[in-house]
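Notes for the one structure printed next.
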Amino acid sequence: MGFSPCQNQIPACYEGALSQMEPVLSGSAVPAKLIARQVPRLEGRVRAPGDKSISHRALMFGALALGETVISGLLEGHDVRATAAALRALGAQIVQEGPANGSIWRVRGFGVGGGQEPADVLDLGNSGTSARLLAGILASHPFTCFMTGDDSLRRRPMQRVIEPLCRMGARFLSRDGGRLPLGIVGTDEMVPIEYRLPVASAQVKSCILLAGLNTAGETTVIEPEATRDHTERMLRHFGAEVRVEAGEGRDTRITVVGWPELKARTVVVPGDPSSAAFAVVAACIRPGSDVTVENVGLNPLRAGLFTTLQEMGADIVFEKARDVGGEPVADLRVRGGGLKGVIVPAERAPTMIDEYPILAIAAACAEGTTEMLGLAELRAKESDRLSSVAAGLAANGVRHTMGVDSLTVQGAGGAPPGGGLVATHLDHRIAMSFLVLGLAAKDPVAVDDASPIETSFPSFVQLMNGLGAKISSA
Ligand code: S3P
């Protein structure tokens, strides 16, 4: 056990209970081992599944509001279901109506500070967003509760949220320098803080702002680099007072005023650019493809991949630009053709942090070298994504160099060799990215465990095969 100044050891009576817990979300409809084979081209129209980040927030803000929030377009993956289950354990009433993947979700909230003590440990499966954002909500409630997750989530750093929440007055019980299982000793006497983020992380920013909701006075997060602002947008939508101001240099100051009365709202969740990315890149790397992905969220703090692909020479047309639930959205028409290597600057990383695995696949098929910089945060994702990507490229004969926080890929200028078996390490984006590689590579590409795809994109295989992909059980 390792302890930070405000941490204590987990009481022995809880340790057995934590280790015996069954994961709530075990079982998956996606077969474990999948293989993807080369196809000449992809064609058709598909609709991007609901945005994962916005889906978590819609449920959480619905739970913190009074009245009935009605959500459409919610992503129905395991991660979002983990958030729903945790919020139910806190006293929110959440019901799903209508057919799967077209449901309306109704949330009857408990109001800011009105959650009840959960009767059991909260199991958040694979979901870092659930764990970190819920930590902010739980820390400002006057009870002790526990959260855990799968092998991947239990390896991920939580000190980044423990530290600011301790400064606000909460205490934590954790092991191994701040990892799950985590006990949260909350308080309803939180003190407001001004906190400069040491890492560019929307999850940490959101955690502090959520804690600030149930804290008297003004809580301010200072961001040296702008990250996705879905929390700020949704806070306003639900009636909270949020100020976003320029700070010193490139800093942005985000301030939330505590104890607002959040009001239930209607939320329409736009499609997820991070999920759309797989079909978009697949079309880009198969010459002659013509694919339209409808309903793609284009929040400027999420759209870095599309900018990068255009710099690489991709033919992407943004059609029917519109606003969905306060977020910019368009349909993306992508025609396949030759990509060329580029340098992706470090400053762009926060706007495409989840898209580097799939960008590495585009780079593997491009003409020339692609250099990706500023990737340190990739090591703290569902897996050490920098190492997982590098190992997957190596297994498929793609020449590359991995640095501490960078990746350089030598493109094949067409179909890379392929033929490898890729270890996904419980990481959905590694699984989907290398299956996309298999659609272009000379020899088929297999992934050892595709079940994590259920966390963010349960319809991935069906949607891709509908476009002409050949992905099947291995
Ligand atoms: C997310 C923020 C990002 C991202 C994750 C979702 C969010 O994580 O990688 O998939 O919903 O706020 P970080 O905040 O750790 O960069």
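The values are calculated or read from the model by the stated rules, or taken from the named source; none is laboratory data. Everything numeric in this text was worked out from a predicted model, so none of it was measured. All Cβ positions, glycine included, derive from the backbone under ideal geometry; neighbour counts span all protein chains shown. Accessible surface areas use protein heavy atoms only, side chains included; no ligands, DNA or RNA. Shrake-Rupley method; radii C 1.70, N 1.55, O 1.52, S 1.80 Å.
Phi-derived couplings, Karplus 6.51 cos²θ - 1.76 cosθ + 1.60 at θ = phi - 60°, listed residue by residue for segment 378-386: 4, 6, 10, 8, 3, 9, 6, 5, 5 Hz, with x used for Gly and Pro. Given axes a ≥ b ≥ c from the Cα gyration tensor, I'd like to know whether segment 82-187 is rounded (a/c under 1.5), prolate (a/b larger than b/c) or oblate. It is oblate, given that a/c is not under 1.5 and a/b is not larger than b/c. Nonpolar atom fraction for segment 176-216, defined as the carbon and sulfur part of the 1.4 Å probe accessible area, stands at 45 percent. Using Cβ point charges alone (K and R +1, D and E -1), the dipole size of segment 52-260 about the Cα centre works out to roughly 300 debye.
Centre-to-centre, using Cα atoms only, segment 409-474 and segment 147-166 are separated by 29 Å. Distance check, please: which entries in 340/381; 263/320; 52/381 exceed 25 angstrom between their Cα atoms? Where the Cα-Cα span goes over 25 Å, the pairs concerned are 340/381; 263/320. A Cα-only calculation for segment 419-472 places Rg and Dmax at 10.4, 29 Å. Taking every alpha-carbon pair under 8 Å whose residues sit at least 6 apart, the chain reaches a relative contact order of 19 percent. Overall shape: oblate for segment 286-340, with the ratio a/c of the largest to smallest alpha carbon gyration tensor axis at 1.5 or above and b/c at least equal to a/b. The Cα trace of the chain gives Rg and Dmax of 21.5, 62 Å, the first to one decimal, the second as a whole number. Note on segment 52-260: Cα convex hull, mean projected area over all directions, 10.4 nm². Distances between placed amide hydrogens fall under 5 Å for residue 67 paired with 109, all partners being 5 or more residues away or on another chain. Annotation for segment 343-425: trypsin sites (Lys or Arg not before Pro) lying in DSSP loop with at most 16 further Cβ atoms inside 10 Å of their Cβ are 399. If you wrap the Cα atoms of segment 145-298 in a convex hull and average its projected area over all directions, you get 12.2 nm².
3J(HN,Hα) along segment 364-373: 5, 9, 7, 7, x, 9, 10, 10, 10, 10 Hz, from the Karplus curve 6.51 cos²θ - 1.76 cosθ + 1.60 with θ = phi - 60°, whole Hz, x for Gly and Pro.
Here segment 52-260 carries DSSP beta bridges of which approximately 85% are antiparallel, counting only pairs with both residues inside.
With the convex hull drawn over the C-alpha atoms of segment 329-461, the volume per residue is 110 Å³.
With θ taken as phi - 60° and the Karplus curve 6.51 cos²θ - 1.76 cosθ + 1.60 applied, the whole-hertz 3J(HN,Hα) list for segment 95-103 is 10, 10, 10, x, x, 4, 6, x, 7 Hz, x standing for glycine and proline. Per-peptide packing, taken as the mean over residues of other Cβ atoms within 10 Å, places 100-107, 89-96 in the sequence 89-96, 100-107 from highest down. For the peptides 238-245, 34-41, residues were scored by their other Cβ atoms within 10 Å and the scores averaged per peptide; the highest-first order is 34-41, 238-245.
When each of the peptides 163-172, 116-125 is scored by the mean number of other C-beta atoms lying within 10 Å of its residues, the order from highest to lowest reads 163-172, 116-125.
For residue 399, the amide hydrogen comes within under 5 Å of the amide hydrogens of 410, counting only partners 5 or more places away or on other chains and with H modelled in the peptide plane. Ordered by 1.4 Å accessible area with all protein chains kept, 205, 320 run largest first as 320, 205.
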